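The values are calculated or read from the model by the stated rules, or taken from the named source; none is laboratory data. Remember, predicted model here, so these are calculated numbers, not experimental data. Cβ atoms come from the backbone with ideal geometry, glycine included; neighbour counts cover every protein chain shown.
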Amino acid sequence: MRNHPLDGIAREELKITDVRVLPLSYVDPDGDLWRCGAYQVWKTDGAITQIFTDQGLIGIGEGSPYENPADIKGYTEQVIRPLLLGKNPFDVELLTCRGNDSRHSRAPWAGIDTACWDLIGKAKGQPVYELLATDGNPAREIRIYASAGVEHEWYDDGGDFLIAEALRYKEQGYDAFKFRPGTDWQHAGMTLDRYVPILERLRTAVGPEFRLMHEGLGMNLGSLEAIITDFAPVLEELGFYWFEEAFGGTRLDHIELFVRLKEAMPTVQVSGGERFLERFETQPWLDRGALDIVQTDCNVTGLTENWYIARMAHRRGIKSIPHNWHGGGTTMVNAHFVAAIANREYCELNQTYNPLKEGIFREPLTVENGVMRLPDGPGYGVELIDEVEKAFPYVPGSYMKPNPRVGG
């Protein structure tokens, strides 16, 4: 048993010589990639961290692009870079356990952490998933669930669209589909009485064995209490697989609501935690038994910290299924994480159109029949295309804007 991720792994002599961040963007020609609630998304971003070494090895990673790639670049190159020059990436835990006051502060360090692991794998000549598989054999093939449900519009024919989307993923070989609650309920006059028949039609269309997962409702029912008393029984009756961040996040003052939610849905799993920064924030939820699935994302926690969180969850009988909504830089890390841990089940994969998922790599990660086969090369086993920053030039600004069809 290891006490830390590199326990028992011989270090190599390697020195960091430079650190850079490549902000990337893909802008939809129509400015309307997908939409949910009262907003629409007009572009998608990436924030690829590169660490260069004296041995010619280059490691790549990614901190959460939600935290502004330009900010990640500025902080990494101006503040972090001077601290890392001359250091050995095998000291990853010592070097990167910082910035835990907010997700914005943590994102640059997560990019450094994940890039260090790519370097460690390359220096050892092993895939990262082999290095991190401490509680069992790694799984080079991992199951992927289709994560989408952000294009059905209640001001249009949203119910039929959602059902057709689910059937499309089933036809592609996925066995699970997660979706969001659609565009703004108040604008469209959506109510629980209108929504439940749509979910019933969806269940009938995909059949009883296909797994359905629902994202949180927030205040769409008028109160958080109604989610437990009115909506949870619906998911239980329809045999949903899990209910994610039911109350619109995973706030510590909501922990007892999560416990009550679990009691209200004996067969539906409760998931959350994509915003957790580190193991100490996660521990109360694991100890209280408030989650069946913890969804910590390596582009927030870093790979090192998520390894600890997964082991803590595993010892309590809780699954680790990371949040994974961004492009290829995040997916390559979360996929290796899932392949390595003992309490794996799925890796999430965003199904919306996003060339940053595959287009940034020479040999992209792909899915066939709901399964991703990871490369067996060292590190993450993928390399960036030449001049990726020219292929996907960064465009500043928030990725979302008000949906004009919901305004007024």
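Observations on the model:
- Residue tally, condition in a loop (DSSP other than H, G, I, E, B) and under 20 Å from the mean Cα position of the chain (by Cα), over region 51-80: 3
- Test: residue 208 is in the same structural domain as residue 260 (by TED's automatic domain parsing), in a loop (DSSP other than H, G, I, E, B), in contact with a Gly (Cβ under 9 Å, 6 or more places away or on another chain) and exposed (fewer than 13 other Cβ atoms within 10 Å of the Cβ): yes
- The residue list 249, 149, 222, 239 contains one member that is among the small types (Gly, Ala, Ser) and in contact with a Pro (Cβ under 8 Å, 6 or more places away or on another chain), which is 239.
- For region 292-330, a tally of residues being not aromatic (Phe, Trp, Tyr) and not in a helix (DSSP H, G or I) returns 19.
- Of the residues examined, residue 10 is not one that is surrounded by fewer than 17 Cβ atoms within 10 Å (Cβ to Cβ), outside any loop (DSSP other than H, G, I, E, B) and either among the hydrophobic types (A, V, I, L, M, F, W, C) or assigned by TED's automatic domain parsing to the domain that holds residue 137 (or both).
- Filter result for residue 46 (of a type in the set (Gly, Ala, Ser), part of a strand (DSSP E or B), closer than 30 Å to residue 151 by Cβ and at pLDDT 95 or above): yes
- Residue match in region 159-167 (condition: over 25 Å from the mean Cα position of the chain (by Cα), closer than 30 Å to residue 406 by Cα and in the same structural domain as residue 243 (by TED's automatic domain parsing)): yes
- Matching entry among 157, 184 (being touching a strand residue (DSSP E or B) at 6+ places or on another chain (Cβ under 6 Å), of a type outside the set (Gly, Ala, Ser) and surrounded by fewer than 24 Cβ atoms within 10 Å (Cβ to Cβ)): 184
- Within region 98-117, residues that are in the same structural domain as residue 67 (by TED's automatic domain parsing) and over 13 Å from residue 329 (Cα atoms) reach partners that are part of a loop (DSSP other than H, G, I, E, B) and charged (D, E, K, R) with beta carbons closer than 7 Å, at six or more positions or on different chains, in the pairs 100/278; 103/275; 109/98.
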